Amino acid sequence: MAGVFVSMAEIGAVFVFLLCLCDVRGAEPSSTPNIIIMLMDDMGWGDLGILGQPEKETLNLDKMAAEGMLLMDFYTANPLCSPSRAALLTGRLPIRNGFYTTNDHARNGYTPQQIVGGIPDSEVLVSELLAQAGYRNKIIGKWHLGHRPQYLPLGHGFHEWFGAPNCHFGPYDNKATPNIPVYNGSEMVGRYYEDFAISRASGESNLTQLYVSEALDFIDRQAAAGRPFFLYWAPDATHGPLYASRGFLGTSRRGLYGDAVRELDDGVGRILARLRARGLDTNTLVFFTSDNGAAMVSRTEGGSNGPFLCGKQTTFEGGMREPAIAWWPSRIQPGQISHQLSTVMDLFTTALELAGAVPPSDRVYDGMSMLPTLLNGTEVDRPVFYYRGDELMAVRYGLYKAHFWTWTNGQDERSKGIDFCRGEDIPGVTTMQQVNYTDSPLLFHLGRDPGERYSIKPKSSEYKQAMRKLEDLVAEHRAGLLPGEPQFNMCDSAVMNWAPAGCEKLGRCLKGPESKPYKCPWPH
């Protein structure tokens with residue numbers, strides 16, 4: 001039998017083919033868990049079908065909860081967007097990381113275009129620590145930790161970014177106020193309402209579809225590379241002005257807000273399906289939640305906080321208790337419900353434990369690892385502190401919650417239709433003035449009274465026993481509190497998004513005004 005001669009060139013061709021084949025199939029998956037945090041914007045506790053929304057339009061999220069763990073007592077760190085996001089990424093309360101104001105007592109602040117401050121370099125973000133541990137990190141959507149160059153995500157541990165530094169307010173005239181830029185990496189690639197359309201008339205926008213596509217592409221690339229990744233998916237379609245793509249407009253019984261929720265729910269389903277398709281589902285922790293409660297001020301164009309009192313901007317349950325789902329097939333047993341008191345700051349600690357990363361030991365962290373709860377169903381006692389600006393408004397421990405201060409918003413705003421409680425008027429609780437109850441706090445039992453409507457009588461033995469524990473916890477908290485430098489005190493029109501990085505290449509730089517710093521006015 002004649003021999004077969006194979007040339008070196010043919011051997012080389014086969015070798016190249018095999019290499020290409022390996023690349024298509026993906027590298028050997030990393031044994032280090034991947035982490036995906038899905039942070040919604042102004043989505044309320046009551047917006048999920050599994051939590052009682054009567055239209056039952058969140059089929060993918062409901063399935064995600066059925067396949068994982070539903071956390072019933074999960075909290076944000078602040079009833080407004082920027083401080084809650086800063087808390088998630090730093091593992092520290094806004095009063096510690098500087099995302100608050102001292103311009104006036106107990107005022108909510110955030111990062112509009114005029115803000116001078118942002119996330120300080122002294123704060124170490126979870127993205128920075130995960131990058132040091134070998135993770136590839138991407139943020140998709142809203143950043144909101146400062147829009148000036150030194151505050152943007154690529155300088156704080158993220159390798160990739162597609163999204164915007166601010167809310168999608170607008171459209172603006174680019175004279176008094178510039179439209180918000182959209183970034184791809186370190187440079188802008190356009191602006192909202194100009195290059196990235198949002199119709200204020202119909203609510204049509206393709207942004208959520210772009211955000212989903214970016215997530216799927218990122219997952220595919222990391223699967224091919226075989227490296228661990230952190231994906232921070234932060235779409236903002238449920239924050240006013242609401243938007244949804246053409247395929248979802250008019251599909252919800254809840255109006256445009258419901259259309260936006262349905263599209264986000266579809267996006268969640270597509271992301272989880274892609275993890276399964278790439279064989280990453282059993283090695284990826286996915287956590288879904290929201291930055292604060294639904295905005296009651298939006299009335300029928302906003303979300304639902306279920307049975308809870310008031311909403312965004314307030315420290316009542318409706319402002320700070322969030323929908324929360326943890327999903328990790330093979331690690332988190334399906335169909336679980338947990339009443340563990342947890343917060344967005346726990347995501348910082350949990351992510352680091354999964355990565356084997358250790359945060360700096362020179363500061364106080366407010367989060368704890370959720371892994372015992374997620375993997376074993378463990379529940380432990382711990383307090384939750386409710387801040388509004390520079391003031392500790394309330395504390396919860398177990399089922400008891402004490403209010404030291406109450407405030408919704410003032411009569412001047414109410415007369416203009418700005419109501420953070422949407423008509424819920426409980427005398428002495430939903431107060432239009434700041435009321436100091438420190439000497440005799442309002443105490444509620446959230447098991448019997450989740451709507452915070454019936455305070456426990458101060459002379460009762462139940463009140464006295466519960467308050468002793470709560471006051472001890474507050475005293476301990478205050479003793480260890482070192483407030484950060486407030487970032488929301490100063491504003492200046494000169495620092496708005498006039499000339500972001502990359503505007504020169506597009507010929508889209510705008511001329512801003514001279515610098516005239518002023519104290520930011522925070523009405524509520």
Residue identified as surrounded by 24 or more Cβ atoms within 10 Å (Cβ to Cβ), among the hydroxyl-bearing types (S, T, Y), touching a residue at least 40 places away in the same chain (Cβ under 8 Å) and assigned to a loop (DSSP other than H, G, I, E, B) among Y100, Y110: Y100
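Mind checking which residues of the stretch 54-79 are open to solvent by less than 20 Å² (accessible area, probe 1.4 Å) and more than 22 Å from E379 (Cα to Cα)?
Matches in the stretch 54-79: T58, L61, N78, P79.
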Would you confirm whether any residue within the stretch 459-469 is under 27 Å from the mean Cα position of the chain (by Cα), touching a residue at least 60 places away in the same chain (Cβ under 8 Å) and either assigned to a loop (DSSP other than H, G, I, E, B) or surrounded by 15 or more Cβ atoms within 10 Å (Cβ to Cβ) (or both)? no
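Go through the stretch 483-516 and give me each residue that's within 21 Å of D104 (Cβ to Cβ), exposed (fewer than 14 other Cβ atoms within 10 Å of the Cβ) and not acidic (D, E). If you could, list the steps in order and put the result at the bottom.
Taking the stretch 483-516 and keeping what is within 21 Å of D104 (Cβ to Cβ), we get 483-493, 516.
With exposed (fewer than 14 other Cβ atoms within 10 Å of the Cβ) added as a condition, the list becomes 485, 516.
If the condition is that a residue be within 21 Å of D104 (Cβ to Cβ), exposed (fewer than 14 other Cβ atoms within 10 Å of the Cβ) and not acidic (D, E), then K516 is the only one that fits.
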Would a scan of the stretch 350-364 turn up a residue that is closer than 24 Å to H445 by Cβ, modelled with pLDDT of 95 or more and surrounded by 19 or more Cβ atoms within 10 Å (Cβ to Cβ)? no
Failed condition for S213, given (1) open to solvent by 10 Å² or more (accessible area, probe 1.4 Å); (2) under 30 Å from T408 (Cβ atoms), with all others met? (2)
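Do we find that Y437 is under 24 Å from V384 (Cβ atoms), of a type in the set (F, W, Y) and surrounded by fewer than 19 Cβ atoms within 10 Å (Cβ to Cβ) in this structure?
On the way: under 24 Å from V384 (Cβ atoms): yes; of a type in the set (F, W, Y): yes; surrounded by fewer than 19 Cβ atoms within 10 Å (Cβ to Cβ): no.
Spelling it out, it is not the case that Y437 is under 24 Å from V384 (Cβ atoms), of a type in the set (F, W, Y) and surrounded by fewer than 19 Cβ atoms within 10 Å (Cβ to Cβ).
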Please determine, by comparing only the residues of the stretch 167-180 that are open to solvent by 20 Å² or more (accessible area, probe 1.4 Å) and among the hydrophobic types (A, V, I, L, M, F, W, C), which one is farthest from the chain's Cα centre (by Cα). A176
Go through A164, A201, A225 for me and flag whichever is closer than 26 Å to L347 by Cα, surrounded by fewer than 20 Cβ atoms within 10 Å (Cβ to Cβ) and aliphatic (A, V, I, L, M). A225
Selection from the stretch 474-492 of residues out of contact with any Asp or Glu (no Cβ under 9 Å at 6 or more places or on another chain) and not charged (D, E, K, R) yields V474, A475, H477, A479, G480, L481, L482, Q487, F488, N489, M490, C491
Residues of the stretch 491-524 being among the polar types (S, T, N, Q), touching a residue at least 40 places away in the same chain (Cβ under 8 Å) and assigned to a loop (DSSP other than H, G, I, E, B), in sequence order, are N497
Give G141, G146, G155 a once-over and let me know the one that is without any contact (Cβ under 8 Å) to a residue 12 or more places away in the chain and under 21 Å from the mean Cα position of the chain (by Cα). G155
Output the strands (runs of 3 or more DSSP E) that fall wholly within the stretch 272-343 and possess 3 or more residues being touching a strand residue (DSSP E or B) at 6+ places or on another chain (Cβ under 8 Å) and surrounded by 21 or more Cβ atoms within 10 Å (Cβ to Cβ), or say none. 284-290, 325-327
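The values are calculated or read from the model by the stated rules, or taken from the named source; none is laboratory data. Keep in mind it's a predicted model, so treat the numbers as computed, not measured. Cβ sites come from the backbone with ideal geometry, for glycine too, and all protein chains shown count toward neighbours. Each accessible area value is taken on the protein alone, full model and side chains, heavy atoms only, with ligands, DNA and RNA left out. Shrake-Rupley method; radii C 1.70, N 1.55, O 1.52, S 1.80 Å.
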